[in-house]
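Note sheet for the following structure.
The values are calculated or read from the model by the stated rules, or taken from the named source; none is laboratory data. Quantities reported herein were computed from a predicted structural model and do not represent experimental measurements. Quick reminder, even Gly has a Cβ in these numbers, built from the backbone with ideal geometry, and neighbours come from all protein chains shown. Calculation scope for accessible area: heavy atoms of the full protein, side chains included, ligands and nucleic acids excluded. Shrake-Rupley method; radii C 1.70, N 1.55, O 1.52, S 1.80 Å.
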Amino acid sequence: MDKTINITLKVWRQAGPKAKGHFETYKLNNISTDSSFLEMLDVLNEQLISEKKEPVVFDHDCREGICGMCSLYINGHPHGPDSAVTTCQLHMRRFHDGETITVEPWRSNAFPVIKDLMVDRRAYDKIIQAGGFVSVNTGGVPDANAIPIPKKNADEAMDNASCIGCGACAAACKNGSAMLFVAAKVSQLALLPQGRVEAANRVKAMLGKMDELGFGNCTNTGACAAECPKSVPLSAIARLNREFICAKFKD
Amino acid sequence: MWLINSSVGRKFVMSITGACLVLFLLFHGTMNLVAIISEDGYNMICEFLGANWYALVGTAGLAFLACLHILYALILNVQNYRARGTARYAVSDRSNGVEWSSMNMLVLGFIILAGIVLHLCNFWAKMQLVEIMGEEPASGVELIKYTFSQWYYALLYIVWLFSLWFHLTHGVWSSMQTLGWSNNIWLPRIKCISNIVATLVVLMFAAVVVYFFIAGNCCGAAACAA
């Protein structure tokens, strides 16, 4: 038989972007430790609906850790106390019986709350639109071996490409900086010959957009990389700095 | 101007000014050590620097770097505070591997600034400043002996150096990271370098404080007894 626990949830409730928010406390009994955090929230919402109360709004989509939709600041950590997992991959076995779990939305100037635990993360999309792509004229599919790429670079580009754009880095940062996200997106392309062509313009455009959207200045505390569900390394930020400073000196 | 308008530009200024200040500290610390080895030698250095044009240019440059470092620190902190948004987390827990010093650079900076003010009053005002004003400067070694023989000055300087150590353990590697001199292999290495540099700088300064405190109190008493 499954092990079950009883928990107390302190959830941030906010009716809308302009409304004043507050914490609401809910008690949940017999939560299976094998259920995921989001499944536990589903149980909470079922309970609220049966009580004719408004369910808690939270973002979620794939529930397998690849889409970057789920967020949630759980007990002082983005994506909860586990390392290298998203909230949807966090399981209730990480919590003990009788524990009070505090659930908050991402809090950052550039991520305004839409409702309850859902925040507006379109700022990240705008940064991508500013240059997080390779412009190519689509034609025939090129031969896979036509452009040789060192294994080391390919691996590192892949590590950076694992960023799902969930916003945990900016949410964890005491400076509200999106540097790890921008660094991952700049790095994954700067490391490959296809992305190298536009590297200088890309880094200037993406960083410019990040600053314009009101994200903070990086002070290398490293909370972003520590909390990143995809373990994007802090060295990506060094590459971003390098790319940007070199691009500026060339101008 | 990208050094003002972009976040990386602003951090670039912070790291360059910070790195220059660390180089100055290494120079200053080495100079201080001479006071332990040879008192005459130290007084010669004081004379050599004094109010000569190169020392004045150096001092002006140093003051400019320090002011720029402080000004940018304040600007960055205000901007970062705003970027954090108005609502704060009810529960926050320090993430693994995040240094305490990296979260408290501003506070440490203020303590260091207060220490600099004290230091300027204690030494600079009586040595270079009076010389600039055209008067005879105090003897460097005598001033050191006098200041550090008093326990409260020695204690204040040690507290100051302690904050400096925390500030530098983060500051040195952070400046290299900001300049882009880091990757997966070098990140642990620059963190190690940072600790070594910070310890070296602080030990050099602390050695002088401790040496002259002991010399001024214990040995002085022994000399009197004899």
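Worth a mention:
The rows are residues; the columns are (1) under 15 Å from the mean Cα position of the chain (by Cα); (2) surrounded by fewer than 16 Cβ atoms within 10 Å (Cβ to Cβ).
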| site | (1), (2) |
| --- | --- |
| B:L118 | yes, yes |
| B:W124 | yes, yes |
| B:I132 | no, yes |
| B:L156 | yes, no |
| B:F162 | yes, yes |
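- Those residues of the stretch B:175-211 which are within 14 Å of chain A (Cβ to nearest Cβ) and over 26 Å from A:N153 (Cβ atoms), in sequence order: B:S175, B:S194
Per-residue answers, yes or no, for (1) surrounded by 14 or more Cβ atoms within 10 Å (Cβ to Cβ); (2) more than 23 Å from B:S95 (Cβ to Cβ); (3) at pLDDT 95 or above:
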| site | (1), (2), (3) |
| --- | --- |
| A:M1 | no, yes, no |
| A:E24 | yes, yes, yes |
| A:D42 | yes, yes, yes |
| A:N45 | yes, yes, yes |
| A:I49 | no, yes, yes |
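- Considering residues of the stretch A:226-238 that are open to solvent by 20 Å² or more (accessible area, probe 1.4 Å) and more than 7 Å from chain B (Cβ to nearest Cβ) only, the residue nearest to the chain's Cα centre (by Cα): A:K230
For (1) more than 30 Å from A:F244 (Cβ to Cβ); (2) away from chain A (no Cβ under 14 Å), each residue gets a yes or a no:
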{"position": "B:M1", "(1), (2)": "no, no"}
{"position": "B:V8", "(1), (2)": "no, no"}
{"position": "B:I16", "(1), (2)": "no, no"}
{"position": "B:F27", "(1), (2)": "yes, yes"}
{"position": "B:I45", "(1), (2)": "yes, yes"}
{"position": "B:A51", "(1), (2)": "yes, yes"}
{"position": "B:I70", "(1), (2)": "no, yes"}
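- Scanning the stretch A:62-85 for residues that are within 20 Å of A:V11 (Cβ to Cβ) and without any contact (Cβ under 8 Å) to a residue 60 or more places away in the chain returns A:R63, A:L72, A:I74, A:N75, A:G76, A:G80, A:P81, A:D82.
- Residue in the stretch B:79-99 that is within 20 Å of the chain's Cα centre (by Cα), among the hydroxyl-bearing types (S, T, Y), within 14 Å of chain A (Cβ to nearest Cβ) and surrounded by 15 or more Cβ atoms within 10 Å (Cβ to Cβ) present: no
- Filtering the stretch B:59-78 to residues that are more than 29 Å from B:F123 (Cβ to Cβ) and in contact (Cβ under 8 Å) with a residue 40 or more places away in the chain leaves B:I75, B:L76.
- Test: residue in the stretch A:135-157 that is within 10 Å of another protein chain (Cβ to nearest Cβ) and crowded, with 18+ Cβ neighbours inside 10 Å: yes
- Evaluation of B:L21 against (1) within 14 Å of chain A (Cβ to nearest Cβ); (2) modelled with pLDDT of 95 or more (one fails), failing number: (1)
One line per residue, one yes/no per condition, for (1) free of Cβ contacts under 8 Å to residues at least 60 places away in the same chain; (2) small (G, A, S):
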site: B:L161; (1), (2): yes, no
site: B:W165; (1), (2): yes, no
site: B:S175; (1), (2): no, yes
site: B:G180; (1), (2): yes, yes
site: B:N184; (1), (2): yes, no
site: B:L187; (1), (2): yes, no
site: B:L200; (1), (2): no, no
site: B:A206; (1), (2): yes, yes
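- Single residue of A:F37, A:F23, A:F58 found to be under 20 Å from A:W106 (Cβ atoms), in the same structural domain as A:R94 (by TED's automatic domain parsing) and touching an Asp or Glu at 6+ places or on another chain (Cβ under 7 Å): A:F58
- Taking residues in the stretch A:102-128 that are farther than 22 Å from A:L207 by Cβ, and partners anywhere that are open to solvent by less than 30 Å² (accessible area, probe 1.4 Å) and polar (S, T, N, Q), the pairs with Cβ atoms closer than 6 Å and at least 6 places apart or on different chains are A:V113/A:Q14; A:D116/A:Q14.
- Unmet criterion (only one of (1) surrounded by 22 or more Cβ atoms within 10 Å (Cβ to Cβ); (2) facing chain B (nearest Cβ under 10 Å)) for A:L189: (2)
- Unique match (being open to solvent by less than 40 Å² (accessible area, probe 1.4 Å), part of a loop (DSSP other than H, G, I, E, B) and either within 14 Å of chain B (Cβ to nearest Cβ) or at negative phi (or both)) among A:S83, A:S71: A:S71
- Which listed residue is open to solvent by less than 50 Å² (accessible area, probe 1.4 Å) and under 19 Å from the mean Cα position of the chain (by Cα), from B:V22, B:V8: B:V22
- Within the stretch A:203-224, considering residues that are assigned to a helix (DSSP H, G or I) and crowded, with 24+ Cβ neighbours inside 10 Å, the one farthest from the other protein chains (Cβ to nearest Cβ): A:M206
- The lone criterion from (1) assigned to a helix (DSSP H, G or I); (2) within 24 Å of B:A73 (Cα to Cα); (3) among the basic types (K, R) left unmet by B:R189 is number (2).
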